Amino acid sequence: MSIFLAKVRRSSDSPDLLSQAATMIHFVLLFSRQGKVRLTKWYSPYSQKERTKVIRELSGLILPRGPKLCHFVEWRGFKVVYRRYASLYFCMCINQDDNELEILEIIHLFVEVLDRYFGSVCELDLIFNFHKAYYILDELLIAGELQESSKKTVARLIAAQDSLVEAAKEQESSISNIIVQATK
Amino acid sequence: MNPFSSGTRLRDMIRAIRACKTAAEERAVVRKESAAIRAAVGENDNDYRHRNLAKLMFIHMLGYPTHFGQMECLKLIASSGFPEKRIGYLGLMLLLDERQEVLMLVTNSLKQDLNHSNQYIVGLALCALGNICSAEMARDLAPEVERLLQFRDPNVRKKAALCSIRIIKKVPDLAENFVNPAAALLKEKHHGVLLTGLQLCTDLCKISEEALEYFRKKCTESVVKALKDVVNSPYAPEYDISGITDPFLHIRLLRFLRILGHGDADASDCMNDILAQVATKTESNKNAGNAILYECVETIMSIEDNSGLRVLAINILGRFLSNRDNNIRYVALNMLMRAITVDAQAVQRHRATILECVKDSDASIRKRALELLYLLVNESNVKSLTKELIEHLEVSEQEFKGDLTAKICSIVEKFSTEKIWYIDQMLKVLSEAGNFVKDDVWHALIVVISNASNLHGYTVRSLYKAVQTSGEQESLVRVAVWCIGEYGEMLVNSTGMLDIEEPITVTESDAVDVIEIALKHHTSDLTTQAMCLIALLKLSSRFPACSQRIKEIVVQNKGSLVLELQQRSIEFNYIIEKHQNIRSSLVERMPVLDEATYSGKRAGSLPATIPTSNGAAINLPNGVAKPTAAPLVDLLDLSSDDAPAPSSSGSDFLHDLLGVDLSPASSQSGNIQAQKSGTDVLLDLLSIGTPPAQSSSFSSDILSISQDNKTSSGNLLSSPSPQISSSAGGSPIMDLLDGFAPNPASSEVNGPAYPSVVAFESGSLKIEFNFSKPPGNPQTTTIQATFTNKSPNTFTDFIFQAAVPKFLQLHLDPASSNTLPESANGSITQDMRVTNSQHGKKSLDKSTISLVGCDTECSMMSGVAAVGTLSHWSNGISRMLHFAAFFLQFEGAVLVIMIIMGCNRSSGKQLARNEVETSNAK
């Protein structure tokens, strides 16, 4: 639905330069070589049904592409920029006339932050700590727009929040220890 | 403790799911986990809530339903601790979207968190709000977000900026509140804030014209300065990407400048220098640099004209195009497409490279390149480009052939200057990728072939050769079948040889072979098979020697399960068997198809087609003078003009029936056309799906008789003598076919509104009808019949009678005299008024035949004066009027009975019915 709306809007004011100016990532997808979804983030509203369909269509489009081909796929009037890292495909969907090359850089920035956080990240890290990957993505993108260009800042913010969680956990366990001891 | 709540750990669940070998196993594990989580939800279990939510998110990612977990997110968000909130917000963003009502319940928690003392909790709330907020939430929480744009920590400010973008997109009215705080963000040094602030300003400009004006006045210089700073900044490890400091910031600054400079000469002037610097100094070895150049070129193309900068930009694109990296080439093609409007000449210079890209192995690049190339074609390069593209068609991948074929056809139609070139190219395309060619393309080809009278022989021979090698291409086969049917004898006799041709020997039976193979080929569809049958019918007359064989082939389809084929087969068989004498005139060559009419029709009937094909249709290859009106109407001389008369709504049934006036017919047939909107004129001409082709051959038959009065049957009926009645009575359908001969030459006296018609003319009697309509009464038509006696005897006691179907009312005025002087010395006139009681309602198609008035007179009848079919062609629909004029002559008295038998447009079926009813009447 939103796709059609977006299309209508774009076609009605396509010569309008201003509409081109909005870079917006519609969604971020991560899937493996086998087409297994590892991360999805939707910045435009898609129903659960549409999401499944989008994922199926895109993995079908992207997975067969050879390594030498360009990293852009035209799909439903949008462009999907993808980049492969080992067994994982990182995809971002943007408007027809957005800057694809910049999206490639954003994907790389995300991967670098992940790499720094997990220490040479691999697919398994993203499977078992998928929520961490989401936290990192949320520090990088909001509303489909880039919020931070510094890897260091992102890493620092994530670390600060992780330590908050750790502190809370310790506190909780110490409290429960006290309770356990008190009820002995 | 609840037995479920302990459950498994998240890690264990993921492991269990990963260990599943089949989808069914995975479903079982997920079902078990979901059940446990549901139970925990029911129990309102606090301890494991956040673990359960994490599991749900994983399950959700696998595509299983998780709606029962939505409330859990809200509960976690409402709890006080940071870890709970963190996972709660994550779940909220993953499991819900803006369209769910549940989301409204979180507004209050969000509001509290936006005011929280912990900046990380504020960050979480901003992030969630930015990603999924709805219009209502945006309204409720906009003041908080606006306030947070001035928050002390830059990391909150940047989140608030992006959150504001979402808010103003959802509720554009709020934009003005954000203009001032957004402008303040542009002064920041923190890259994250600057980045997001620029983005917010860009989006504000998009929404509000005032914001754009404001930023243009206040911020242009500072943005230019910011760009200068970042371009000239020393190495900054934190932001460095392949030697460039923060390309993301570069890009956003350039993008914002594009908005500011567009349509404003002063602002554009202000940024010229820095744009030139970026365009020349940026390192283009790495992707990051190219991304900046991309943005810079876009900006240069969009701001007010500066020729120096434009040259720089086009040169950058040229470099991109020759890059070995596919990504860069793709981007270059994309941008050259936009640059075409700015500087087409510069883009033309890269034509050869673009052509190479069409042949690339990468589908994305091919598609872009083809579209770009299509825009670059002009008169001077069309031949070489078409040649290259057609050559490539042979080797291209299947999926690409459709696109490529459509574009080649479009180019060929649009730019062809000579018919032979057009026909040659189209034949090549059809041979290579005929299955990808759209219907209107090969229809257009047939129209062109039909108009190129000097190329008929050449074309049919080329098609014959092509079909031998590429018989599997459906549309090639169709065109070939049509041409062989029309010009079969040119194929066998090698008439009209061009110098460039190699002579070939084709026998009559070879030509029939081609059609037979096409008819029986398993891939042939109904259209092709129907066309084959028509072609066979035509060949049966062109090649009398093969007639028996053709009959056998035709008969094989007599039992076809497809009604259309069955009907054609039976009808054609009947014609071959029983109507030897009229067959040749029946299957005359099609009159030249009118290009203007066809292209108009094509443009009209296909309003949704891509503009290129419309443009192409109008541009059909020229060279032959085009008849102005539809040719059949012209030849029958029933219409003086093809422009619809203003009184078309007040048209009368009978006029239409007689096909006297084109305007009512066109209004009528317009309706019919609308119903069968899918069909266009050529389909009708070719008789695909509907039988009008037959009628077209009938009309040509009439034409041929009227042009050439030596046809035996024409002579037979030219005088009212007794032996006619026997022959006519023996085969009424034949009479219908060939008895009536309106002489175009004699009927050329056109009234201003309705031309008159010679209803009957023989050696002794001429009957002419004049038509008029009383003003203000569209239902009524006055027909004035004028009778002239050409024989040497005076006719006395003249009586004229007429009968009409029941829904018409007929009023006969007395004749001006009952004596008809001899040797055309005078005439009798008699007025008839025909009133259509169901004017506008009664469909012409359904008007049934009535043979009233003839049964009692039958015995007295001394001759059938004329039984005929008036055919009238308009808007691709043929209407036929069957009428009989009975002529009695005894003892010097003359009695003429006109019987209007009905009008139809699907002549085939109607004719059969006529036959039946006539025999019943006997």
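The values are calculated or read from the model by the stated rules, or taken from the named source; none is laboratory data. Note that the structure is predicted; figures quoted are calculated from it, not measured. In this analysis, Cβ positions are derived from the backbone assuming ideal geometry, glycine residues included, and neighbour counts consider all displayed protein chains.
Within the range B:372-389, does at least one residue satisfy the condition of being out of contact with any strand residue (DSSP E or B) (no Cβ under 9 Å at 6 or more places or on another chain), hydrophobic (A, V, I, L, M, F, W, C) and within 13 Å of chain A (Cβ to nearest Cβ)? So that I can check it myself, show each step before the final result.
Going through the range B:372-389, the residues out of contact with any strand residue (DSSP E or B) (no Cβ under 9 Å at 6 or more places or on another chain) turn out to be B:372-389.
Okay, now just the ones that are also hydrophobic (A, V, I, L, M, F, W, C), so B:372-373, B:375-377, B:382, B:385, B:389.
Checking which are within 13 Å of chain A (Cβ to nearest Cβ) leaves us with none.
Checked against the condition, which is being out of contact with any strand residue (DSSP E or B) (no Cβ under 9 Å at 6 or more places or on another chain), hydrophobic (A, V, I, L, M, F, W, C) and within 13 Å of chain A (Cβ to nearest Cβ), the range B:372-389 yields no hits at all.
Suppose we keep only residues that are in contact (Cβ under 8 Å) with a residue 12 or more places away in the chain and surrounded by fewer than 21 Cβ atoms within 10 Å (Cβ to Cβ) within the range B:208-218. Which one would you say is nearest to the other protein chains (Cβ to nearest Cβ)? First the steps, then the outcome.
Kept after step one, since they are in contact (Cβ under 8 Å) with a residue 12 or more places away in the chain, are these residues of the range B:208-218: B:208, B:210-212, B:214-216, B:218.
Now drop any that are not surrounded by fewer than 21 Cβ atoms within 10 Å (Cβ to Cβ), which leaves B:208, B:210, B:214, B:216, B:218.
Numbers: B:208: 10, B:210: 13, B:214: 15, B:216: 13, B:218: 18 Å.
Per the criteria, the residue is B:208.
Select from the range A:141-160 the residues that are surrounded by fewer than 19 Cβ atoms within 10 Å (Cβ to Cβ) and more than 16 Å from residue B:156 (Cβ to Cβ) and list them in ascending order.
A:152, A:155, A:159
Based on this model, can you work out whether residue B:461 counts as farther than 22 Å from residue B:386 by Cα, part of a helix (DSSP H, G or I) and within 22 Å of the chain's Cα centre (by Cα)?
Working: farther than 22 Å from residue B:386 by Cα: yes; part of a helix (DSSP H, G or I): yes; within 22 Å of the chain's Cα centre (by Cα): no.
No.
Test residue B:34 against the criterion of being closer than 18 Å to residue B:106 by Cβ, more than 9 Å from chain A (Cβ to nearest Cβ) and either at pLDDT 85 or above or in contact with a strand residue (DSSP E or B) (Cβ under 6 Å, 6 or more places away or on another chain) (or both), and give yes or no. It would help to see each step written out before you state the result.
Working: closer than 18 Å to residue B:106 by Cβ: no; more than 9 Å from chain A (Cβ to nearest Cβ): yes; either at pLDDT 85 or above or in contact with a strand residue (DSSP E or B) (Cβ under 6 Å, 6 or more places away or on another chain) (or both): yes.
The answer is no for residue B:34.
If only one of A:103, A:127 is surrounded by fewer than 21 Cβ atoms within 10 Å (Cβ to Cβ), among the hydrophobic types (A, V, I, L, M, F, W, C), part of a helix (DSSP H, G or I) and within 9 Å of chain B (Cβ to nearest Cβ), which one is it? Outline the logic, then answer.
Working: A:103 fails: surrounded by fewer than 21 Cβ atoms within 10 Å (Cβ to Cβ).
Exactly one residue qualifies, and that residue is A:127.
Kindly list the number of the only condition in (1) part of a loop (DSSP other than H, G, I, E, B); (2) modelled with pLDDT under 70; (3) closer than 30 Å to residue B:541 by Cβ; (4) out of contact with any Ser or Thr (no Cβ under 7 Å at 6 or more places or on another chain) that fails for residue B:622.
Here residue B:622 meets the rest and fails (3).
Does residue B:185 satisfy the criteria of being in contact with a helix residue (DSSP H, G or I) (Cβ under 8 Å, 6 or more places away or on another chain), crowded, with 18+ Cβ neighbours inside 10 Å and within 14 Å of chain A (Cβ to nearest Cβ)? Working first, answer last.
Details: in contact with a helix residue (DSSP H, G or I) (Cβ under 8 Å, 6 or more places away or on another chain): yes; crowded, with 18+ Cβ neighbours inside 10 Å: yes; within 14 Å of chain A (Cβ to nearest Cβ): yes.
Taking the combined requirement at face value, the residue satisfies it.
Go over the candidates B:224, B:230 one by one and state the one that is more than 11 Å from chain A (Cβ to nearest Cβ), crowded, with 18+ Cβ neighbours inside 10 Å, among the hydrophobic types (A, V, I, L, M, F, W, C) and farther than 20 Å from residue B:146 by Cα.
On the way: B:230 fails: more than 11 Å from chain A (Cβ to nearest Cβ).
Sole residue among the options that is more than 11 Å from chain A (Cβ to nearest Cβ), crowded, with 18+ Cβ neighbours inside 10 Å, among the hydrophobic types (A, V, I, L, M, F, W, C) and farther than 20 Å from residue B:146 by Cα: B:224.
Identify, from the list B:245, B:202, the residue that is of a type in the set (Val, Ile, Thr) and either facing chain A (nearest Cβ under 9 Å) or at positive phi (or both).
Numbers: B:245 fails: either facing chain A (nearest Cβ under 9 Å) or at positive phi (or both).
None of the others qualify; the one that does is B:202.
Do you know which residues across the range A:136-159 are out of contact with any Asp or Glu (no Cβ under 8 Å at 6 or more places or on another chain) and either at the interface with chain B (Cβ under 7 Å from one of its Cβ atoms) or part of a loop (DSSP other than H, G, I, E, B) (or both)?
Quick first cut of the range A:136-159, residues out of contact with any Asp or Glu (no Cβ under 8 Å at 6 or more places or on another chain) only: A:136-138, A:141-146, A:155-156, A:159.
Those that are out of contact with any Asp or Glu (no Cβ under 8 Å at 6 or more places or on another chain) and either at the interface with chain B (Cβ under 7 Å from one of its Cβ atoms) or part of a loop (DSSP other than H, G, I, E, B) (or both): A:138, A:142, A:143, A:144, A:145, A:146.
Take residue B:28 and decide whether it is more than 10 Å from chain A (Cβ to nearest Cβ), surrounded by fewer than 21 Cβ atoms within 10 Å (Cβ to Cβ) and at pLDDT 90 or above. Break it down stepwise before answering.
On the way: more than 10 Å from chain A (Cβ to nearest Cβ): yes; surrounded by fewer than 21 Cβ atoms within 10 Å (Cβ to Cβ): yes; at pLDDT 90 or above: yes.
Judged against the criteria, residue B:28 is a match.
If we keep just the residues of the range B:95-106 that are surrounded by fewer than 16 Cβ atoms within 10 Å (Cβ to Cβ) and in contact with a Leu (Cβ under 9 Å, 6 or more places away or on another chain), which is farthest from the other protein chains (Cβ to nearest Cβ)?
Among residues in the range B:95-106 that are surrounded by fewer than 16 Cβ atoms within 10 Å (Cβ to Cβ) and in contact with a Leu (Cβ under 9 Å, 6 or more places away or on another chain), the one farthest from the other protein chains (Cβ to nearest Cβ) is B:105.
Hey, can you tell me all the residues within the range B:289-304 that are in a helix (DSSP H, G or I), within 16 Å of residue B:227 (Cβ to Cβ) and among the aliphatic types (A, V, I, L, M)?
At the first step, the residues of the range B:289-304 found to be in a helix (DSSP H, G or I) are B:289-302.
From what is left, the residues that are within 16 Å of residue B:227 (Cβ to Cβ) are B:289, B:291-300, B:302.
Passing the criteria: B:291, B:292, B:293, B:297, B:300.
When the residues of the range B:271-310 are narrowed to those that are within 15 Å of residue A:98 (Cβ to Cβ) and of a type in the set (D, E, K, R), which ends up nearest to the chain's Cα centre (by Cα)?
B:298
Can you find even one residue in the range B:7-19 that is out of contact with any helix residue (DSSP H, G or I) (no Cβ under 9 Å at 6 or more places or on another chain), in a helix (DSSP H, G or I) and among the hydrophobic types (A, V, I, L, M, F, W, C)? Give the derivation first.
Residues of the range B:7-19 that are out of contact with any helix residue (DSSP H, G or I) (no Cβ under 9 Å at 6 or more places or on another chain), as a first pass: B:12.
Next, from what is left, pick out any that are in a helix (DSSP H, G or I): B:12.
Remaining after also requiring among the hydrophobic types (A, V, I, L, M, F, W, C): none.
Within the range B:7-19, none of the residues are out of contact with any helix residue (DSSP H, G or I) (no Cβ under 9 Å at 6 or more places or on another chain), in a helix (DSSP H, G or I) and among the hydrophobic types (A, V, I, L, M, F, W, C).
Can you name every residue in the range A:72-96 that is buried (at least 19 other Cβ atoms within 10 Å of the Cβ) and at the interface with chain B (Cβ under 8 Å from one of its Cβ atoms)?
Within the range A:72-96, A:72, A:73 qualify.
Given (1) outside any loop (DSSP other than H, G, I, E, B); (2) more than 46 Å from the chain's Cα centre (by Cα); (3) not aliphatic (A, V, I, L, M), identify the lone condition not met by residue B:187.
So the condition that residue B:187 fails would be (1).
Would you pick out the residues in the range B:248-296 that are facing chain A (nearest Cβ under 7 Å) and more than 21 Å from residue B:205 (Cα to Cα)?
Hits for the range B:248-296 are B:287, B:288, B:290, B:291, B:294.
Taking the conditions exactly as written (among the charged types (D, E, K, R), touching a Lys or Arg at 6+ places or on another chain (Cβ under 9 Å) and within 14 Å of chain A (Cβ to nearest Cβ)), does residue B:84 satisfy them or not? Steps first, answer last, please.
On the way: among the charged types (D, E, K, R): yes; touching a Lys or Arg at 6+ places or on another chain (Cβ under 9 Å): yes; within 14 Å of chain A (Cβ to nearest Cβ): yes.
Yes; evaluated as a whole, the condition is true for this residue.
Could you list all residues from the range B:374-427 that are of a type outside the set (Val, Ile, Thr), exposed (fewer than 14 other Cβ atoms within 10 Å of the Cβ) and more than 25 Å from the chain's Cα centre (by Cα)?
Of everything in the range B:374-427, those that are of a type outside the set (Val, Ile, Thr), exposed (fewer than 14 other Cβ atoms within 10 Å of the Cβ) and more than 25 Å from the chain's Cα centre (by Cα) turn out to be B:379, B:380, B:384, B:387, B:391, B:394, B:418.
Identify, from the list A:38, A:56, A:33, the residue that is closer than 16 Å to residue B:62 by Cα, touching an Asp or Glu at 6+ places or on another chain (Cβ under 8 Å) and either without any contact (Cβ under 8 Å) to a residue 60 or more places away in the chain or surrounded by 16 or more Cβ atoms within 10 Å (Cβ to Cβ) (or both). I'd like the intermediate steps shown before the answer.
On the way: A:56 fails: touching an Asp or Glu at 6+ places or on another chain (Cβ under 8 Å); A:33 fails: touching an Asp or Glu at 6+ places or on another chain (Cβ under 8 Å).
The match here is A:38.
Any residue at all in the range B:127-137 that is within 22 Å of residue B:92 (Cα to Cα), among the aliphatic types (A, V, I, L, M) and modelled with pLDDT of 90 or more?
The initial filter retains those residues of the range B:127-137 that are within 22 Å of residue B:92 (Cα to Cα), namely B:127-137.
Filter once more, keeping what is among the aliphatic types (A, V, I, L, M): B:128-129, B:132, B:135, B:137.
Still in the list and also modelled with pLDDT of 90 or more: B:128-129.
Yes, the conditions are met somewhere in the range B:127-137.
Is it the case that the range A:166-179 has a residue that's part of a helix (DSSP H, G or I) and either at the interface with chain B (Cβ under 8 Å from one of its Cβ atoms) or surrounded by 16 or more Cβ atoms within 10 Å (Cβ to Cβ) (or both)?
Residues of the range A:166-179 that are part of a helix (DSSP H, G or I), as a first pass: A:166-179.
Still in the running and either at the interface with chain B (Cβ under 8 Å from one of its Cβ atoms) or surrounded by 16 or more Cβ atoms within 10 Å (Cβ to Cβ) (or both): A:168-169.
Yes, there is a match, as at least one residue in the range A:166-179 is part of a helix (DSSP H, G or I) and either at the interface with chain B (Cβ under 8 Å from one of its Cβ atoms) or surrounded by 16 or more Cβ atoms within 10 Å (Cβ to Cβ) (or both).
Of the conditions (1) within 27 Å of residue B:337 (Cα to Cα); (2) of a type in the set (A, V, I, L, M); (3) within 11 Å of chain B (Cβ to nearest Cβ); (4) in contact (Cβ under 8 Å) with a residue 12 or more places away in the chain, residue A:69 satisfies every one except a single condition; which number is it?
(4)
Scan the range B:529-539 and give yes if some residue there is of a type in the set (D, E, K, R) and buried (at least 20 other Cβ atoms within 10 Å of the Cβ), otherwise no. Outline the logic, then answer.
Here is the first cut: in the range B:529-539, the ones of a type in the set (D, E, K, R) are B:538.
After this cut, where a residue has to be buried (at least 20 other Cβ atoms within 10 Å of the Cβ) as well, the list is B:538.
Yes; the residues of the range B:529-539 include at least one that is of a type in the set (D, E, K, R) and buried (at least 20 other Cβ atoms within 10 Å of the Cβ).
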